[in-house]
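> Quick one: this structure, given as structure tokens, is what I'll be asking you about.
The values are calculated or read from the model by the stated rules, or taken from the named source; none is laboratory data. Keep in mind it's a predicted model, so treat the numbers as computed, not measured. All Cβ positions, even for glycine, are placed from backbone atoms using ideal geometry, and neighbour counts span all protein chains on display.
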Amino acid sequence: MGWQTPAKIAFIGSHSVRKTNAVHAFASTVGRAGRSVEVGREVVRFNPLGLNEGATAEAQLWVLMAQVQQELELRRRAEVLVTDRSVVDNFAYFLRVTDGADPFEVEPLIRSWATTYDLFVRLLPDVALQADGVRSTNDAFRDEIEAILDRIIPTYIQPDRLIEVRASEVTESFDWWAVAERLAELVGEELRPIAQPSALVDSSAGRAGRKRK
């Protein structure tokens, strides 16, 4: 039976902190539990107005609006929506460009929209920046964003809806199951692992063996 309440989880942080890897690993974990999943991509990569240190206030406004639009489009397509970024961390980039000002008066939207996420996972930057052809490799730039995040996260995210994970922990061996269970708990649903084929074979063999006795 499907979940009655769709869930939304956002993986947030500055850049080059393995958010995208975490997003897909988490989505795979939820999918293996038999739940339908949609993944929201990092919209800044499609920004026609520029990004990184040279981004303008208009460019960051585009990112915020595109983030909201994407989430609106994907929200009801699956039981779980997993997003690569949220309005909160994208707002940090906006505030850096505007020196903390709000020329387009988007703060009320950010405050309201932040409540639509059931859970946030913040990836902490304990890994070196790596060139990917899109994001900046400037350490000072990433440090600026992290400082803004440290300041605004307590304003927009409740402590019981925030999990922090070091970027270096995001490897193939990281177990996302506890995070998936926490998300399910927050929306009042259950998450149960699906028995693996080998387990089903072993169980059938055991039943067959008992019948022959």
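> Output yes when any residue across the stretch 66-81 is among the charged types (D, E, K, R) and surrounded by 19 or more Cβ atoms within 10 Å (Cβ to Cβ), and no when none is.
Applying the first criterion (among the charged types (D, E, K, R)) to the stretch 66-81 yields 71, 73, 75-77, 79.
So of that shortlist, the ones also surrounded by 19 or more Cβ atoms within 10 Å (Cβ to Cβ) come out as 71, 79.
Yes; the residues of the stretch 66-81 include at least one that is among the charged types (D, E, K, R) and surrounded by 19 or more Cβ atoms within 10 Å (Cβ to Cβ).
> Next question, about the same structure. Quick check: anything in the stretch 134-144 closer than 22 Å to T115 by Cα and either part of a helix (DSSP H, G or I) or out of contact with any Cys (no Cβ under 8 Å at 6 or more places or on another chain) (or both)?
Of the residues in the stretch 134-144, the ones closer than 22 Å to T115 by Cα are none.
No, the stretch 134-144 contains no residue that is closer than 22 Å to T115 by Cα and either part of a helix (DSSP H, G or I) or out of contact with any Cys (no Cβ under 8 Å at 6 or more places or on another chain) (or both).
> Mind checking which residues of the stretch 1-51 are touching a Lys or Arg at 6+ places or on another chain (Cβ under 7 Å) and on the phi > 0 side of the Ramachandran plot?
Answer for the stretch 1-51, where residues must be touching a Lys or Arg at 6+ places or on another chain (Cβ under 7 Å) and on the phi > 0 side of the Ramachandran plot: G13, S16.
> Counting only residues that are out of contact with any Asp or Glu (no Cβ under 9 Å at 6 or more places or on another chain) and in a loop (DSSP other than H, G, I, E, B), which one in the stretch 19-36 is surrounded by the most Cβ atoms within 10 Å (Cβ to Cβ)?
The residue in question is A33.
> Return the residue satisfying two criteria in turn: it lies in the stretch 1-25 and is among the hydrophobic types (A, V, I, L, M, F, W, C) and in contact with a strand residue (DSSP E or B) (Cβ under 6 Å, 6 or more places away or on another chain), and of such residues it is farthest from E144 (Cα to Cα).
Let us first name the residues in the stretch 1-25 that are among the hydrophobic types (A, V, I, L, M, F, W, C), namely 1, 3, 7, 9-12, 17, 22-23, 25.
From the residues that got through so far, the ones that are in contact with a strand residue (DSSP E or B) (Cβ under 6 Å, 6 or more places away or on another chain) too are 7, 9-12, 17, 22-23.
Values: A7: 31, I9: 25, A10: 21, F11: 19, I12: 15, V17: 14, A22: 23, V23: 24 Å.
Residue satisfying both the conditions and the ranking: A7.
> Let me ask something else about it. If you go through the stretch 113-140, how many residues are over 18 Å from the mean Cα position of the chain (by Cα), farther than 21 Å from V165 by Cα and either of a type in the set (D, E) or modelled with pLDDT of 95 or more (or both)?
2
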